[in-house]
1. Which residues, taken from the stretch 257-284, are surrounded by fewer than 24 Cβ atoms within 10 Å (Cβ to Cβ) and in a loop (DSSP other than H, G, I, E, B)?
2. Would a scan of the stretch 338-347 turn up a residue that is under 23 Å from the mean Cα position of the chain (by Cα) and in contact (Cβ under 8 Å) with a residue 24 or more places away in the chain?
3. Residue by residue through the stretch 127-144, note down the ones that are of a type in the set (Asp, Glu) and outside any strand (DSSP E or B).
4. How about the stretch 307-372: which helices (runs of 4 or more DSSP H) wholly inside it have at least 1 residues that are at pLDDT below 95 and among the polar types (S, T, N, Q)?
5. Can you tell me how many residues within the stretch 11-61 are among the small types (Gly, Ala, Ser), at pLDDT 95 or above and either on the phi > 0 side of the Ramachandran plot or surrounded by fewer than 22 Cβ atoms within 10 Å (Cβ to Cβ) (or both)?
6. Looking at the stretch 101-118 only, could you name the residues that are in contact with a helix residue (DSSP H, G or I) (Cβ under 6 Å, 6 or more places away or on another chain) and closer than 21 Å to Phe234 by Cβ?
7. How about the stretch 160-201: which strands (runs of 3 or more DSSP E) wholly inside it have at least 2 residues that are out of contact with any Phe, Trp or Tyr (no Cβ under 7 Å at 6 or more places or on another chain)?
8. Of all the residues that make up the stretch 139-197, how many are at positive phi and crowded, with 20+ Cβ neighbours inside 10 Å?
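The values are calculated or read from the model by the stated rules, or taken from the named source; none is laboratory data. Predicted model only: the values in this text are computed from it and were never measured. Please note: Cβ atoms are built from the backbone with ideal geometry, for glycine as well, and neighbour counts cover all protein chains shown.
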Amino acid sequence: MSIGDNPITRPSDSDATTQGLSTGKSVVSVVATRPQTVLHDIDQAMRMAGVEQYLSPELVTLLKINISWQHWYPACSTAPWQLDGVIQSLQKLGHQDLIAAHNGTVVVDSFEGEVNNKHKVVHDRYHLPNVHLDTPPNVWVDYKPKAKMLVLDDIFPEGIQIPELFEGKNIIHLPTMKTHVFTTMTGAMKNAFGGLLHRKRHWTHSVIHETLVDLLAIQKEVHPGIFAVMDGTFAGDGPGPRAMRWHIKDRILASGDQVAIDAVAAYMMGFDPMSIKFIRLAHERGLGCGDISQIDVVGEDISNVNWGFSGSENTFASRGQKLIYWGPLKFLENMLLRSPIAGWSFIASNLYHNGYWLKTHGRRRIQAALKTEWGELFKSY
C-alpha cells in the first residue's frame with residue numbers, strides 16, 4: 001500500500017511485491033517480528049521486497065555491517081540476529097559467496113566492535129570471509145565517478161578512493177532504525193559512509209547530506225546489486241548514533257531502494273522524509289524514491305504509525321562539533337578537524353562517550369535492555 005492511500009487488502013504478500021515491482025514503484029517491506037521468529041521474519045521481509053530482483057547469486061555479495069560503537073548498545077549497530085537472518089536467507093536463495101565487511105572509524109575500533117556486538121560469532125559460524133575495510137590487506141584505489149559529485153570532488157581534490165574489494169560485487173546494507181545528531185535519522189544510505197569512504201570521512205561532516213547522495217551515486221556505479229535489511233527490533237531515539245534512548249519496536253524493513261527504505265523508516269519515526277535533506281536530494285537526483293506517497297509499502301500498514309522520535313537533540317560532544325561545522329567556529333574547521341592537531345577531537349569524543357556517557361547513562365540502559373526478550377536473544381549468541 002502506498003502511504004496516503006486508503007488501506008487496502010492484498011491477496012498475498014508475494015502478489016503485493018510483484019504488483020509494486022511491475023508498476024515501477026519502489027517497494028519497502030515492513031514486517032512485525034519477535035525473538036522467536038525473527039530469522040524467519042527477516043527471510044520473509046527480504047522476499048517481500050523482491051531481493052531476488054536485486055541480488056544475483058552468481059556474484060559475490062558483501063554484507064555491509066554497521067558498527068557505530070565498539071560497545072553493544074541497543075539499536076546502535078547491526079544486530080546479530082539481523083546478520084544471521086540475512087545470511088540464512090541469502091544461502092537459501094543460492095548465494096554461496098558472501099563476505100562480511102566491517103569498517104572502523106577514528107573513534108570506533110571495528111575489531112573490538114565485531115566481538116562485543118556478536119558479529120564475529122555469527123559470520124564465523126557460517127565460515128564467511130571477514131574484512132575490515134580500513135585495515136590492510138584491504139586496498140583502496142582511485143575512483144573517478146561518472147556522476148557529477150555534489151561535494152566529494154571539492155572535499156578530496158586529490159581524488160576519491162574506494163575499497164578495491166567493492167567493484168563488481170553486490171552489497172547488502174545492515175543498518176538499524178535510529179536517529180542521528182547530524183542527519184536527523186540514519187539508515188541504509190548512511191551505512192555507506194562507513195566503508196565507501198576512508199578514515200578522513202569526518203572531513204565531510206559539514207556537508208554530510210550531500211556526501212551521502214554522492215556515495216549513493218557511486219554505489220550505483222560500482223555495485224551490480226544493492227539491497228538493505230534494516231533492524232527495528234530495538235530502535236534508537238535521541239542524540240544518536242550512540243547516546244540514545246532505546247525502544248522495542250519489533251520491526252524488520254527491507255528494500256532494494258536505499259532512499260525509499262530510509263524514507264519509510266523516517267516516516268515511522270515521526271519525521272517528514274522529504275524534510276530530511278539527504279533523502280530529498282537523493283530523490284531529486286533520481287537515485288531512489290523519497291516521496292512516501294509514491295512508495296509501495298508491503299506487509300504492515302504503517303499509514304498511522306508515528307513513534308514521535310526526536311531528531312534534534314545533541315550530546316555535549318555534538319553540540320561542540322556543530323559550532324565548528326555550521327556555527328561561529330566554522331572558520332576554525334580546517335585547523336581543528338583537518339590538520340595534524342585533529343586528534344584532540346577524537347580524544348574528546350572518546351572521553352565523552354566511553355569515559356562519561358557510557359558509565360553514567362549507558363550501562364544502566366544496557367542492563368535494562370539485556371533483561372528483555374531481545375536482550376536474552378542477544379546473550380544467546
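1. Answer for the stretch 257-284, where residues must be surrounded by fewer than 24 Cβ atoms within 10 Å (Cβ to Cβ) and in a loop (DSSP other than H, G, I, E, B): Gly270, Phe271, Asp272, Ile276.
2. Taking every residue of the stretch 338-347 in turn, at least one turns out to be under 23 Å from the mean Cα position of the chain (by Cα) and in contact (Cβ under 8 Å) with a residue 24 or more places away in the chain.
3. Once the filter is applied, which keeps residues that are of a type in the set (Asp, Glu) and outside any strand (DSSP E or B), the stretch 127-144 yields only Asp134.
4. 316-325, 333-337, 343-350
5. Number of matching residues: 3.
6. In the first step, residues of the stretch 101-118 are kept if they are in contact with a helix residue (DSSP H, G or I) (Cβ under 6 Å, 6 or more places away or on another chain); the result is 102-104, 106-107, 114, 118.
Once the filter is applied, which keeps residues that are in contact with a helix residue (DSSP H, G or I) (Cβ under 6 Å, 6 or more places away or on another chain) and closer than 21 Å to Phe234 by Cβ, the stretch 101-118 yields His102, Glu114, Lys118.
7. 170-174, 176-180
8. 2
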